[in-house]
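Enquirer: One structure is given below, represented as structure tokens, and several questions about it will come after.
The values are calculated or read from the model by the stated rules, or taken from the named source; none is laboratory data. Note that the coordinates shown come from a computational prediction; the quantities given were computed from them, not determined experimentally. Here the Cβ positions follow ideal geometry from the backbone for every residue, glycine too, while neighbour counts run over all protein chains shown.
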Amino acid sequence: MTTLTAFQDWLADCSTSIEEQAEHLTDLDRAIGDGDHGTNMARGFRRCAELAAEEDFTSIDAYLKKVGMTLVGTVGGASGPLYGTFFLRMAGPLSAAPDVDARALAQALRAGVDGIVARGRAEVGDKTMYDAFAPALEAFESALAAGSGTAECLAAAAGAGARGRDATEPLVARKGRASYLGERSAGHVDPGASSAVLLLEAAARTLG
Ligand code: ADP
Ligand code: MG
Ligand code: MG
């Protein structure tokens, strides 16, 4: 069972990992965007990591809602509202649950990823964060159907997300700022797909 404390550890781990990779994320965004993805994400997740010490959260869903609102308010750009929506929507299926099992976590992840699509209208192959999230969710659900527990489902999700991220390299972007480059966006890994994998890897370390 995954507790509120584990979710708070997840955001702390996200913040550390994004901070460590901020320069890399910014370099990726410099190649096909405006070079702010690492800075945007580090600012937002640092703020989220501070929440646990500032406020006594009593439920997972209240905490994830606050995380989502904080990301909307601090990350900015295209990715801020998308990651914000991911956490806000994740909270929905978890309302009032004191802890969650793999099945509930799958429902929350699906709601979060559906939220990204509802907001950004990306499809697989558009060279966005969804290219990491879509196969990650699929892998989580397959592992769950095969009887795996949370840790195994999350490890499968992180692995599939990483492969999805790597697969963005040859793609021509069809969404976001990178799409303005047309064919010149090919040959670079998508920054948002890369940050999505950092979130998934942090989840595999903390929520299992
Ligand atoms: P901005 O492009 O506004 O500077 P960021 O650099 O923070 O925003 O984020 C860029 C990332 O956002 C892209 O690499 C891509 O993964 C993601 N992104 C952009 N538009 C969309 C969309 N419509 N759907 C999903 N993800 C998107
Ligand atoms: Mg950018
Ligand atoms: Mg920007």
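Enquirer: Please indicate, with yes or no, whether at least one residue in region 50-65 is more than 10 Å from ligand 1 (Cβ to nearest atom), over 14 Å from the mean Cα position of the chain (by Cα), closer than 30 Å to Thr168 by Cβ and in a helix (DSSP H, G or I).
Expert: Scanning region 50-65 turns up at least one residue that is more than 10 Å from ligand 1 (Cβ to nearest atom), over 14 Å from the mean Cα position of the chain (by Cα), closer than 30 Å to Thr168 by Cβ and in a helix (DSSP H, G or I).
Enquirer: When you go through (1) within 16 Å of ligand 3 (Cβ to nearest atom); (2) within 17 Å of the chain's Cα centre (by Cα); (3) buried (at least 22 other Cβ atoms within 10 Å of the Cβ) one by one for Gly33, which number turns out not to apply?
Expert: (2)
Enquirer: Which of (1) over 19 Å from Met1 (Cα atoms); (2) under 15 Å from the mean Cα position of the chain (by Cα); (3) among the charged types (D, E, K, R) does Arg110 not meet, given it meets every other one?
Expert: So the condition that Arg110 fails would be (1).
Enquirer: In addition: Pairs only if they're at least six apart or on different chains, beta carbon under 6 angstrom, first in region 20-49 and at negative phi, second away from ligand 3 (no atom under 12 Å from the Cβ) and not in a helix (DSSP H, G or I); list them, first residue then second.
Expert: Correct list of pairs: Leu28/Val189; Ala31/His188; Ile32/His188.
Enquirer: Does region 1-21 hold any residues that are within 16 Å of ligand 2 (Cβ to nearest atom) and either of a type in the set (Phe, Trp, Tyr) or surrounded by fewer than 20 Cβ atoms within 10 Å (Cβ to Cβ) (or both), and which are they?
Expert: Gln21
Enquirer: Return the only residue of Thr26, Thr39 being surrounded by fewer than 18 Cβ atoms within 10 Å (Cβ to Cβ) and within 16 Å of ligand 3 (Cβ to nearest atom). I'd like the intermediate steps shown before the answer.
Expert: On the way: Thr26 fails: surrounded by fewer than 18 Cβ atoms within 10 Å (Cβ to Cβ).
Checking each option against the conditions leaves just Thr39.
Enquirer: Does region 34-43 contain at least one residue that is in contact with a strand residue (DSSP E or B) (Cβ under 8 Å, 6 or more places away or on another chain) and either farther than 22 Å from Lys175 by Cα or outside any helix (DSSP H, G or I) (or both)?
Expert: No, because not a single residue in region 34-43 is in contact with a strand residue (DSSP E or B) (Cβ under 8 Å, 6 or more places away or on another chain) and either farther than 22 Å from Lys175 by Cα or outside any helix (DSSP H, G or I) (or both).
Enquirer: Residues of region 40-54 being out of contact with any helix residue (DSSP H, G or I) (no Cβ under 6 Å at 6 or more places or on another chain) and more than 17 Å from Ala6 (Cβ to Cβ), which ones?
Expert: Residues satisfying the conditions are Asn40, Glu50, Glu54.
Enquirer: Determine which member of the set Ala118, Ala78 is within 16 Å of the chain's Cα centre (by Cα), within 15 Å of ligand 1 (Cβ to nearest atom) and either surrounded by fewer than 16 Cβ atoms within 10 Å (Cβ to Cβ) or modelled with pLDDT under 95 (or both).
Expert: Checking each option against the conditions leaves just Ala118.
Enquirer: Can you name the residue in region 163-182 that is small (Gly, Ala, Ser) and either surrounded by 20 or more Cβ atoms within 10 Å (Cβ to Cβ) or more than 19 Å from the chain's Cα centre (by Cα) (or both) and is also farthest from Ser194 (Cα to Cα) among such residues?
Expert: Gly182
Enquirer: What's the total number of residues in region 129-149 that are of a type in the set (Gly, Ala, Ser) and either crowded, with 24+ Cβ neighbours inside 10 Å or in contact (Cβ under 8 Å) with a residue 60 or more places away in the chain (or both)?
Expert: 2
Enquirer: Do the conditions hold for Gly192, that is, is it under 17 Å from Phe86 (Cβ atoms), small (Gly, Ala, Ser) and either within 16 Å of ligand 3 (Cβ to nearest atom) or at pLDDT 95 or above (or both)?
Expert: It is true that Gly192 is under 17 Å from Phe86 (Cβ atoms), small (Gly, Ala, Ser) and either within 16 Å of ligand 3 (Cβ to nearest atom) or at pLDDT 95 or above (or both).
Enquirer: Which condition from (1) out of contact with any Lys or Arg (no Cβ under 8 Å at 6 or more places or on another chain); (2) crowded, with 17+ Cβ neighbours inside 10 Å; (3) within 23 Å of Gly68 (Cβ to Cβ) is the one that Gly208 breaks?
Expert: (2)
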